[in-house]
1. Could you work out the helix-only [θ] at 222 nm for the chain, with each DSSP H run of four or more residues adding -39,500 (n - 2.57) and the total divided by the number of residues, to the nearest 500 deg cm²/dmol?
2. Treating only the Cβ of Lys, Arg, Asp and Glu as charged (+1, +1, -1, -1), what charge dipole size does the range 25-73 show about its Cα centre? Round to the nearest 20 debye.
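What follows is calculated from the coordinates using simple rules that are stated; it is not laboratory data. All figures in this text were calculated on a predicted structure; none of them were measured in a lab. Cβ: placed from backbone, ideal geometry, glycine included. Neighbour counts: every protein chain shown.
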Amino acid sequence: MTTASKLSFKRGNSKFGEEIFTFSLPAGWTCPGARDCLARVARDTGKLTDSKETLFRCFAASMEARLPSVRKSR
């Protein structure tokens, strides 16, 4: 599986209008302050892994694991 080598920006989404730019980063891998909610999804397998300190699971990581299209976009 190849990964994108650049960050992409898009205009708006279902919550924001076209004047707002959005971008997606992979949950857990790009969260420097995460501890209580740290969870990561393997890019190739989609397997979700919590850290030893996780008290509650990251919603973004859960969506990456659940929906291949979300994982691919990040």
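1. Details: 2 runs with 14 residues, N = 74.
After summing the helix terms and dividing by residue count, I get -4500 deg cm²/dmol.
2. Details: 9 positive and 5 negative charges, 30 e Å.
Once rounded to the nearest 20, the dipole reads 140 debye.
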